[in-house]
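I have placed the structure first, in the form of structure tokens, so that the comments after it can refer back to it.
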Amino acid sequence: MLNKSCAALIAGSVLMSVASLPGAQQPQTPPASAPVVPPAPAIVPFVPAATPEQEQLRFVPAKRYGGQVHLLPATLETTQWGWFNNAQPPVLHVNSGDTIVFETMMHSHNQVVPGTTIEQIKKLRTDFPGRGPHTLTGPVYIEGAEPGDVLKVSINKIVPRAYGTNFNVPGMFGQFPGKFPEGQVKYFYLDLERKVAEFAPGIEIPLAPFPGTLAVARAEPGQYSSVPPGRYAGNLDIRDMTEGTALYVPVFVTGALLWTGDSHAAQGNGEINLTALETAYKEMNVTVEVVKNMKLEWPRIETRNAWITVGIDRDLNKALDILKAETTTFLMEQRKLGNEEAEKLMLASWDCRVSQVVDVNKGLHCFNAKNPRERRKVEALPERENKTYLVTVGKDADLNKAMDDAAWAMIELLQNQKNLSRLDAYSLSSMVMDCRLAVPLGPQKAVYCLLPKSTWVTSR
């Protein structure tokens, strides 16, 4: 537990800076006779932009990467807690082709660290409504980026801290807030040599670091929570966007304005209890490139052997419609097909997952073969447990309910078969479970949630 004087010092130093931000929402008790009139938010610069002298001191020699290499440490002046705003002055200016070495913080301006209790974590949300928990480093202005362009962000290297956390805020957020009025926070050592985190004796989580949030500024003016993903990317929570991959995202404002944070060491496809294996990065190394001859409506991700298309909406059914349209469009462009041919190919090579269901806007994504002359080998969806996976299935005309049913069944299975507590089953599922979509051929939709048996190392 935090030492009280230490906690007060940390909170005081951070909250003093936060209190001056126009978007910070703080509880106020007006006189009993006075009506409550919320003040209009002022859109003004929040912190001084980087000076030319500061920017020169962030240039470093590094022959390994193309372009100029810039170091961007995570400080109170180079980060925001829980919001984006396209009026925010850049903390760094770079050119297309340059490399940025970001540092990131833990949630709530580094206040969610080993020793912080779940009660303190909840208070950090309830005392500051309207903002996300994420600490975001940036924004970075990319010279030459204009609305209508596409920004390519190639992830070169990720080096996490030595610890991470997963928590369920009691009675709030997550896929099943009403079923979990109790909360829990767990901290983990990230064994970067073995690339695992020990969840409990005999249970290990494979590490696969990726940025939960990688975003450009949205077109709309004003201050917005960092929680919902959208066309600007943001809190995509797509675990395959790791080292060696690239995010392509539409540009909406001059300079693009790039942020990153919500750093993850691992995550399940679904992220059902709100959090992944949350950490911070000592190094998040990316190269940025402005692409002028590419038009995108939604973000795409390029991996070693696939392109990933996305669908995002508050309703998973609508997200599925967007996902199918985006995937069909991609195949038409990539393979020079007509719409009907592309739709048939999409369904014949269907390999699609639930990204997350807890960030207001829910996310789905599909894998598509990178080589236009090939078709991806797709793993068949198992109807029941096999030697590789624990399996639960949800089927319903409403994709939201199908996902709820499949995820809840996995939580119950882990309690009954693996003797985990309810909260531990929720937590482990959020970090490891892989929820996949069946081919949408009729009105009924199906979600298959798979949890690798290799998670239990004592049973190997």
* Asked: How many residues does region 278-311 contain that are open to solvent by 10 Å² or more (accessible area, probe 1.4 Å) and part of a strand (DSSP E or B)?
  -> 9
* Residue under evaluation Lys152, criteria (1) under 22 Å from Cys366 (Cβ atoms); (2) within 14 Å of the chain's Cα centre (by Cα), criterion not met -> (2)
* region 323-357: number of residues that are in a helix (DSSP H, G or I) and either open to solvent by less than 40 Å² (accessible area, probe 1.4 Å) or over 15 Å from Val439 (Cα atoms) (or both) -> 17
* To do: Would you mind finding the one in Glu297, Glu220, Glu289 that is in contact with a strand residue (DSSP E or B) (Cβ under 6 Å, 6 or more places away or on another chain) and acidic (Asp, Glu)?
  => Glu289
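Run down Val159, Val140 and say which single residue is more than 26 Å from Gly115 (Cβ to Cβ) and open to solvent by less than 50 Å² (accessible area, probe 1.4 Å).
Val140
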* Within region 77-117, work out how many residues are in contact with a helix residue (DSSP H, G or I) (Cβ under 9 Å, 6 or more places away or on another chain), in a strand (DSSP E or B) and among the hydroxyl-bearing types (Ser, Thr, Tyr). => 1
* To do: Within region 385-412, track down each residue that is in contact with a strand residue (DSSP E or B) (Cβ under 6 Å, 6 or more places away or on another chain) and open to solvent by 20 Å² or more (accessible area, probe 1.4 Å).
  => Glu385, Tyr389, Val393, Lys395, Asp405, Ala409
* In region 240-261, which residue that is crowded, with 23+ Cβ neighbours inside 10 Å and not in a strand (DSSP E or B) is nearest to the chain's Cα centre (by Cα)? -> Met241
* Structure fact -> Across region 363-381, the tally of residues that are farther than 10 Å from Cys352 by Cβ, open to solvent by less than 20 Å² (accessible area, probe 1.4 Å) and either aliphatic (A, V, I, L, M) or assigned to a loop (DSSP other than H, G, I, E, B) (or both) stands at 1
* Structure fact -> Counting only residues in region 104-118 that are in contact (Cβ under 8 Å) with a residue 60 or more places away in the chain and of a type outside the set (S, T, N, Q), the one farthest from Asp237 (Cα to Cα) is identified as Gly115
* **Lone qualifier among Asn110, Asn85 - being surrounded by fewer than 20 Cβ atoms within 10 Å (Cβ to Cβ), modelled with pLDDT of 95 or more and under 17 Å from Ser226 (Cβ atoms)** => Asn110
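The values are calculated or read from the model by the stated rules, or taken from the named source; none is laboratory data. Please read all numbers here as calculations on a predicted model, not as lab measurements. Note: ideal-geometry Cβ built from the backbone for every residue, glycine included; neighbour counts use all protein chains shown. The accessibility values were calculated without ligands, DNA or RNA, using every heavy atom of the protein model including side chains. Shrake-Rupley method; radii C 1.70, N 1.55, O 1.52, S 1.80 Å.
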